[in-house]
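The values are calculated or read from the model by the stated rules, or taken from the named source; none is laboratory data. The structure displayed is predicted, hence computed values, not measured ones. Positions of Cβ are generated from backbone atoms using ideal geometry, with glycine treated the same way; all protein chains shown enter the neighbour counts. We work out accessible area using only protein heavy atoms, side chains counted, and drop any ligands, DNA or RNA first. Shrake-Rupley method; radii C 1.70, N 1.55, O 1.52, S 1.80 Å.
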Amino acid sequence: MTRVLEPESGRADGFSHLLQADLRFRPGQVVSMAFWDWLLGWFGRSRPSGTPSASTRTKSSRRVTPPRKRARLAPTRHRRDQQRAARVPITEVQGKPPYRLARFGSQSKHYLDLTLDHDEPALRERQLPLLRTPEDIAAWLKLKLSRLAWLVHHFSGGRAESPQKSHYAYRWLQKAKGGWRLIEAPKSTLKQAQRKILAEILEHLPLHPAAHGFHAGRSIVTNARPHVGQFIVFKCDLQNFYPSVGFSRVVAIFRSVGYCREAAIWLARLTTTALPGNASFPANDTSAMLPYLRRHLPQGAPTSPALANLSAYRLDLRLAGLAKSFGANYTRYADDLTFSGDERFAHSLRTFIPLVRQICRQERFQLHPRKKKILRNHQRQSVAGVVVNTRTNISRQTYDDLKATLTNCLRHGPTSQNREQHPNFPAHLQGRIAHVLQLNRVRGERLRALYAKIDWKK
């Protein structure tokens, strides 16, 4: 005989009261309680009030504390609809190309004219050369068009087939704290073109006030002054600063000042490079090549420091605003980020440092995981080699090392002290003395007096 259960009044079905009758919590029933939750959900019912759920049940003696909320920054939202509306459409040209070395559309099977979004008033306002086509750039650089195409590997996919056919000389240097750095020095023809781009375009573009590296009128001293006499100094580095600036970002820099797509692409090709896939790597470390395989800023080109500073403009803008909201100071010298402030800023570092990391990540940079330092005022606080505890000064160790070198040059001759085989050892010593003079005049004069007594014939 089959028994049919009739639903009670006020209940959704005949099974609910049977299920709820056994919902007495006993320790060790996590799986079974989760099963009843799932089964009741199918019948549109929830557990009785006062009955703990499987996900929230804990021992009666244990107190549940909610997790501490970490400060997060909302992602920056770009008005893409307005940007698309402001763009000038690409014009397809049938038949002959609109200019020499124009791009050919693989899908449309027509030539593309990428010179229509040229902003001549903006270029004239900044006193920049008016460049639109590859022929304009070649004439400006005083090169033949075929020579310009050869410089950017136009007919080989934009990449050198081998290190021997590249326009850069490669040299691997081992970093002090592990890893490798690739020095990519441009050869003479390309270096001349890059110097012209630097002098007549990049040096006319403004930098953020917080950027102090590789710019006229700014130095390690101006970078250190905002941090003199502060209670705490927080320092961090950007990892792979130059390789992290890719081709598209460099194109965007030239586009932002008024150049059309065609000119911006050719200027970016002249100032970026990609390591040939068959290049040698150091000490069987194949991972050292990875940051350099895509087009990036070469460390060794005269244009790379200026382009790196321009690419970090939004980063400087956001980090300076973040530091101001915490009552702190911010400066950047190349890839070295420095923040300083009072005791209140020191107590907020647990919130501040994750926000710095998040901003760097949003701006497509990465903080070096092993290069973060927090220096308090009872320690020696140095910023890019400049001591800032009470005033900008040279460190005692740096001064003593240079003084010992000059003294040994007097006693044993300068040849015995040129251990690193500098080709122009007198100029090397003069440069180090000038660095000390910039930070401490009294100590610099003492070193200069020792240098004047050296007999360079020994």
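The table for this structure:
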| read-out | value |
| --- | --- |
| Contacts under 7 angstrom Cβ, first residue in the range 133-159 being under 20 Å from Cys260 (Cβ atoms), partner open to solvent by 60 Å² or more (accessible area, probe 1.4 Å), 6 or more apart | Pro134/Arg100; Glu135/Arg100; Ala138/Lys144; Leu145/Arg100; Leu145/Glu135; Ala149/Phe155 |
| Complete set of residues in the range 220-236 that are surrounded by fewer than 18 Cβ atoms within 10 Å (Cβ to Cβ) and within 22 Å of the chain's Cα centre (by Cα) | Thr222 |
| Residue list for the range 327-383, filter: among the polar types (S, T, N, Q), in contact (Cβ under 8 Å) with a residue 40 or more places away in the chain and closer than 17 Å to Pro226 by Cβ | Asn329, Thr331, Thr338, Ser340, Asn377, Gln381 |
| Enumeration of residues in the range 360-383 that are assigned to a loop (DSSP other than H, G, I, E, B) and within 20 Å of Phe345 (Cβ to Cβ) | Asn377, His378, Gln379, Arg380, Gln381 |
| Meets criteria (in contact (Cβ under 8 Å) with a residue 60 or more places away in the chain and either open to solvent by less than 70 Å² (accessible area, probe 1.4 Å) or not in a strand (DSSP E or B) (or both)) for Lys177 | yes |
| Complete set of residues in the range 440-454 that are open to solvent by 10 Å² or more (accessible area, probe 1.4 Å) and in contact with a helix residue (DSSP H, G or I) (Cβ under 8 Å, 6 or more places away or on another chain) | Asn440, Arg443, Glu445, Arg446, Arg448, Leu450, Tyr451, Lys453, Ile454 |
| From Asn408, Asn393, residue being open to solvent by less than 80 Å² (accessible area, probe 1.4 Å) and either under 28 Å from Phe339 (Cα atoms) or touching a residue at least 60 places away in the same chain (Cβ under 8 Å) (or both) | Asn393 |
| Boolean, Ser416 is among the hydroxyl-bearing types (Ser, Thr, Tyr) and within 29 Å of Gly229 (Cβ to Cβ) | no |
| Residue match in the range 187-197 (condition: touching a strand residue (DSSP E or B) at 6+ places or on another chain (Cβ under 6 Å) and assigned to a loop (DSSP other than H, G, I, E, B)) | no |
| Wholly within the range 104-173, helices (runs of 4 or more DSSP H) carrying at least 1 residues that are within 19 Å of Thr189 (Cβ to Cβ) and hydroxyl-bearing (Ser, Thr, Tyr) | 145-151 |
| Residue in the range 233-246 that is within 18 Å of Pro206 (Cα to Cα), modelled with pLDDT of 95 or more, of a type outside the set (Lys, Arg) and touching a helix residue (DSSP H, G or I) at 6+ places or on another chain (Cβ under 8 Å) present | no |
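Matching residues to (1) open to solvent by 50 Å² or more (accessible area, probe 1.4 Å); (2) touching a helix residue (DSSP H, G or I) at 6+ places or on another chain (Cβ under 7 Å); (3) not acidic (Asp, Glu):
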site	(1), (2), (3)
Phe345	no, no, yes
Glu363	no, yes, no
Leu367	no, yes, yes
Val388	no, yes, yes
